[in-house]
Amino acid sequence: MPTLLADAKNLLADLIARYSPQVDYLAVRIEEAEGTDIFLRGDKVETLTEGISIGGQVRACFKGGWGFASFNQLSTLADRIEEAIAAARIIGDEETLLAPIEPVQATCKLPLEGSDPREVSLETKKQLCDRYTEILKSASPSITTTSVRYSDSAQRVILATSDGTLIEQSWVDMEMRFAATARNGETVQTGRETTGSRKAYEDLTNLDDQVRSAALRAVNALSLPPVKGNTYTVVIDPILSGLFVHEAFGHLSEADMAYENPDILEVMTLGRRFGPKELQIFDGAAPPGHRGSYLYDDEGTPATTTQLIKDGILVGRLHSRETAGKLTEAPTGNARCLNYHYPPLVRMTNTWIERGKTPVEDLFAGIKEGVYARNWLGGMTNGEMFTFSAAEAWMIRDGKIAEPVRDVTLSGNVFSTLADIEAIGDDFYWDESGGCGKGGQNGLPVGCGGPSLRIRNVIVGGDAE
């Protein structure tokens with residue numbers, strides 16, 4: 001690793017002490033990162049890089065106004081601090097409200113359980129991508145295009161604040177994405193898989209079955225009938241329930257969404273019932289080993305586990321120090337930035353629905369005609385409305401899984417959908433494939449988890465009746 005951080009600690013204390021009297025709050029975050037990015041489209045190498053990123057950011061707050069500056073040379077840090085302070089003093093015209101936290105001085109490293117990707121050669125990583133490309137291509141002659149992406153990143157960060165916090169934190173993150181498109185005449189279908197890890201390079205080296213299944217899903221879907229569009233009782237698997245809780249509900253739990261939008265704040269009123277008594281929803285970076293896990297957020301707040309819904313009732317939301325201060329609630333350690341180019345925002349970490357008590361096979365009982373959906377192909381949300389595409393789906397007939405169908409999209413209003421949860425399965429799965437986007441900061445690692453769910457009155461798109 002470069003030596004920027006080794007030189008930084010001696011300088012930070014002096015600069016923070018010199019400039020902090022001019023503002024209400026001052027923070028400097030310095031970062032070293034190194035990583036690999038490989039992208040193959042078919043047999044063509046689109047990207048094959050190893051890189052190092054060095055830089056930092058300054059955040060200053062004065063009378064509620066924020067100034068921000070980023071830099072790549074430590075020698076310019078004093079100038080960037082002055083720029084951030086000048087901007088904050090121009091903007092600030094109210095009270096600075098930051099929820100208090102205890103100052104922390106710590107050095108911490110998220111442990112790996114296996115090989116560090118930095119110890120693996122670029123050639124070996126490229127060979128891994130070639131192997132997965134061949135698996136996708138060989139699944140069927142109807143496969144027309146394939147793509148494989150590998151990325152890893154090792155980040156090491158120092159955070160120093162005018163509150164007295166000085167934290168050094170480091171971690172490694174890895175991700176792979178696979179896609180295969182199959183064609184039969186005018187019919188085109190795509191299968192995708194994504195996986196990630198903060199534990200070991202080996203987690204990415206034994207994915208042959210997962211990769212092959214992505215290609216076979218695309219091939220098999222070519223001959224399937226499209227689902228008939230209607231409103232159904234739906235059973236979704238743990239991967240889809242994890243996606244649902246993150247995309248449809250989790251973003252609405254981010255407190256900056258609430259205090260910046262009075263309508264959302266009114267809807268997301270603590271104490272309001274949103275689902276059945278069995279429904280428990282959490283978010284937190286404290287559970288170890290997941291892609292959204294860490295020890296301190298990018299403001300120095302310790303990682304927590306926050307219960308968002310308890311017994312079907314909204315009891316919490318996710319905070320930075322500013323949102324917690326403005327809403328007079330406790331900070332939750334959810335202020336995160338993608339890298340030094342961006343200021344921290346309120347972001348999810350690992351978000352999950354707790355497992356229930358209903359045996360999975362019982363979720364299908366009594367459904368005369370419904371849909372069973374597994375895994376995700378894509379999706380989007382707009383406020384409280386959502387639409388997700390399932391990777392695989394089957395009709396449910398008379399309580400049994402029946403014929404497979406394709407082109408299944410699930411859509412609705414998140415609050416109505418939570419209220420329409422009829423049963424929560426006793427299974428559970430952590431999905432480490434998440435890369436979250438918000439405010440232009442795309443690809444922030446997160447974890448999602450959940451059990452299978454049975455939900456009534458879900459709008460399922462497909463061919464019109």
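The values are calculated or read from the model by the stated rules, or taken from the named source; none is laboratory data. The model shown is predicted, which means the values in this text are computed figures rather than measured ones. In this analysis, Cβ positions are derived from the backbone assuming ideal geometry, glycine residues included, and neighbour counts consider all displayed protein chains. Each accessible area value is taken on the protein alone, full model and side chains, heavy atoms only, with ligands, DNA and RNA left out. Shrake-Rupley method; radii C 1.70, N 1.55, O 1.52, S 1.80 Å.
Here are the numbers for this structure:
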item	result
Positions within region 16-62 being open to solvent by 10 Å² or more (accessible area, probe 1.4 Å), touching a Phe, Trp or Tyr at 6+ places or on another chain (Cβ under 7 Å), assigned to a strand (DSSP E or B) and within 28 Å of I101 (Cα to Cα), in sequence order	R59
Tally, over region 274-302, of residues that are of a type outside the set (D, E, K, R) and over 16 Å from the mean Cα position of the chain (by Cα)	10
Residue that is at pLDDT 95 or above and of a type in the set (D, E), where the choices are D209, D256, D263	D209
Residue tally, condition of a type in the set (A, V, I, L, M, F, W, C), under 30 Å from R80 (Cα atoms) and crowded, with 23+ Cβ neighbours inside 10 Å, over region 327-364	3
Residue within region 186-209 that is surrounded by 24 or more Cβ atoms within 10 Å (Cβ to Cβ) and of a type in the set (A, V, I, L, M) present	no
Among (1) part of a helix (DSSP H, G or I); (2) of a type in the set (D, E, K, R); (3) over 26 Å from D37 (Cα atoms) - the single one D93 does not satisfy	(1)
Residue count, region 123-177 (criterion: closer than 25 Å to G196 by Cα, among the charged types (D, E, K, R) and either without any contact (Cβ under 8 Å) to a residue 24 or more places away in the chain or outside any strand (DSSP E or B) (or both))	7
Residue list for region 218-270, filter: among the β-branched types (V, I, T), more than 22 Å from the chain's Cα centre (by Cα) and either surrounded by 24 or more Cβ atoms within 10 Å (Cβ to Cβ) or within 23 Å of E322 (Cβ to Cβ) (or both)	V234, V235, V267, T269
Residue list for region 386-421, restricted to those being more than 28 Å from the chain's Cα centre (by Cα), within 16 Å of N230 (Cβ to Cβ) and aliphatic (A, V, I, L, M)	M395, I396, A402, V405
Counted residues, region 192-208 - those being acidic (D, E) and more than 19 Å from the chain's Cα centre (by Cα)	2
Which numbered condition R374 misses (of (1) open to solvent by 70 Å² or more (accessible area, probe 1.4 Å); (2) touching a residue at least 60 places away in the same chain (Cβ under 8 Å); (3) not in a strand (DSSP E or B))	(3)
Within region 422-465, considering residues that are polar (S, T, N, Q) and open to solvent by less than 20 Å² (accessible area, probe 1.4 Å), the one farthest from the chain's Cα centre (by Cα)	S452
Selected residue [of a type outside the set (V, I, T), on the phi < 0 side of the Ramachandran plot and open to solvent by less than 20 Å² (accessible area, probe 1.4 Å)] from E299, E278	E299
Single condition G425 does not satisfy, out of (1) in contact with a Ser or Thr (Cβ under 9 Å, 6 or more places away or on another chain); (2) at pLDDT below 95; (3) of a type outside the set (S, T, Y)	(2)
Scope region 407-421; condition open to solvent by less than 40 Å² (accessible area, probe 1.4 Å) and not β-branched (V, I, T); matching residues	L410, S411, G412, N413, F415, L418, D420
Hits in region 131-156 (condition: more than 26 Å from the chain's Cα centre (by Cα) and open to solvent by 60 Å² or more (accessible area, probe 1.4 Å))	R131, E134, K137, S138, P141, T144, T145
Residues that are part of a loop (DSSP other than H, G, I, E, B) and either out of contact with any Phe, Trp or Tyr (no Cβ under 6 Å at 6 or more places or on another chain) or at pLDDT 95 or above (or both), drawn from region 96-111	T96, L97, L98, A99, P100, I101, E102, P103, V104, P111
Scope region 438-458; condition of a type outside the set (A, V, I, L, M) and under 16 Å from L338 (Cβ atoms); matching residues	K438, G439, G440, Q441, N442, G443, P445
Residue tally, condition free of Cβ contacts under 8 Å to residues at least 40 places away in the same chain and either over 30 Å from Y201 (Cα atoms) or not hydroxyl-bearing (S, T, Y) (or both), over region 46-59	3
Candidate set: region 309-326, residues that are hydrophobic (A, V, I, L, M, F, W, C) and open to solvent by 30 Å² or more (accessible area, probe 1.4 Å); chosen: the one farthest from the chain's Cα centre (by Cα)	I313
Residue match in region 69-83 (condition: without any contact (Cβ under 8 Å) to a residue 40 or more places away in the chain, assigned to a strand (DSSP E or B) and either of a type in the set (G, A, S) or surrounded by fewer than 16 Cβ atoms within 10 Å (Cβ to Cβ) (or both))	yes
Residue list for region 359-384, restricted to those being farther than 13 Å from E247 by Cβ and hydroxyl-bearing (S, T, Y)	Y372
Every residue from region 157-167 that is farther than 19 Å from L338 by Cβ and either open to solvent by 30 Å² or more (accessible area, probe 1.4 Å) or of a type outside the set (S, T, N, Q) (or both)	A160, S162, D163, G164, L166
